[in-house]
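The values are calculated or read from the model by the stated rules, or taken from the named source; none is laboratory data. Here the structure is a predicted model, which is why all the values come from computation and not from measurement. Virtual Cβ from ideal backbone geometry, glycine too; neighbours counted across all protein chains shown. To get the accessible areas, we keep the full protein, side chains included, count just its heavy atoms, and leave off ligands, DNA and RNA. Shrake-Rupley method; radii C 1.70, N 1.55, O 1.52, S 1.80 Å.
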Amino acid sequence: MLETERHRIILSAVQERPVVTVADLCALTAASEATVRRDIAQLHLAKKLRRVRGGAEAISPPQFVGINARPFAVNQTINIASKRAIAQAAVDLCEDGDAIIVNGGTTTFQMVHPLTTKRLQVFTNSFPIAEHLLKQSKNTVMLPAGAIYREQNIILSPFDDDGSNHFYARRMFMGCRGLGPLGLMEGDPLLVQAEQKLIGQADELVVLADSSKFSQRSSLLLCPLSRIHTVITDDGIDDRAASMLEAADIRLIVADARRDGRTRAEE
């Protein structure tokens with residue numbers, strides 16, 4: 001990753017929350033600790049952020065602290081080839097006339113391009129997904145009521161009656177913060193609340209998770225493995241993670257980004 005790209009990601013991250021640690025920035029940029037510390041020092045001298053012990057903070061932190069999730073713009077740059085292949089495999093499950101729910105996220109956003117060839121009823125809490133499908137496709141698009149969280153480009157409501165309870169779907173497609181033996185994990189209580197409502201409106205839950213998500217953990221459990229019908233991932237998945245899904249009787253679809261999104265199913 002180029003230095004300018006790392007700097008853009010770092011500056012975006014420090015606007016998301018009060019303090020970002022060096023470890024967080026290493027994960028976001030895939031750079032070494034020494035490189036990240038050097039980047040922080042350069043941005044500090046340029047007065048673009050403030051260097052603090054163990055990390056960095058914004059010079060003028062936002063007054064409104066959003067949800068605990070990476071900015072959409074930052075996540076878009078991570079594992080993009082895998083996300084595209086996974087998204088294509090997800091759309092391959094859909095048939096014209098299906099009613100589906102697409103949860104906001106950068107992996108699910110990659111579904112918009114192949115979805116332009118479909119005619120579906122799509123309920124989504126993602127502002128960019130809705131905008132793209134409205135402009136570029138003939139799908140019917142529905143949105144919940146709520147506030148738009150700009151950093152993540154999603155619509156969330158703390159209230160039960162946000163309109164989602166009136167939509168019934170064959171499948172719900174969603175990403176995640178992490179996926180482990182206890183189930184699907186997320187990083188913010190408001191996200192968990194909103195996503196649990198949506199999960200309840202679909203027959204099948206399809207999780208789009210690149211292979212890195214199997215090593216990531218969070219303190220909040222969204223749903224157990226038993227609620228997941230299908231997991232779509234890339235060919236970086238290890239045997240341990242594959243065995244975990246098999247033991248839970250979850251259908252596994254592996255998308256190979258190096259083979260133009262062609263997939264193989266392991267059931």
Close pairs from the range 134-152: first free of Cβ contacts under 8 Å to residues at least 12 places away in the same chain and closer than 23 Å to N165 by Cα, partner open to solvent by 60 Å² or more (accessible area, probe 1.4 Å) and polar (S, T, N, Q), Cβ under 6 Å, at least 6 apart: none
Contacts under 9 angstrom Cβ, first residue in the range 83-111 being free of Cβ contacts under 8 Å to residues at least 40 places away in the same chain, partner open to solvent by 10 Å² or more (accessible area, probe 1.4 Å) and among the hydroxyl-bearing types (S, T, Y), 6 or more apart: V91/T117
Some residue of the range 126-138 being under 12 Å from L198 (Cα atoms), assigned by the TED database to the domain that holds T106, open to solvent by less than 20 Å² (accessible area, probe 1.4 Å) and not in a strand (DSSP E or B): no
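Mind listing whichever residues of the range 241-257 are assigned to a helix (DSSP H, G or I) and touching a residue at least 24 places away in the same chain (Cβ under 8 Å)?
Step one: list which residues in the range 241-257 are assigned to a helix (DSSP H, G or I), which gives 241-247, 257.
Answer for the range 241-257, where residues must be assigned to a helix (DSSP H, G or I) and touching a residue at least 24 places away in the same chain (Cβ under 8 Å): A241, A242, M244, A257.
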From the options A241, A247, A257, residue that is in contact with a Phe, Trp or Tyr (Cβ under 6 Å, 6 or more places away or on another chain) and either open to solvent by less than 60 Å² (accessible area, probe 1.4 Å) or of a type in the set (A, V, I, L, M, F, W, C) (or both): A241
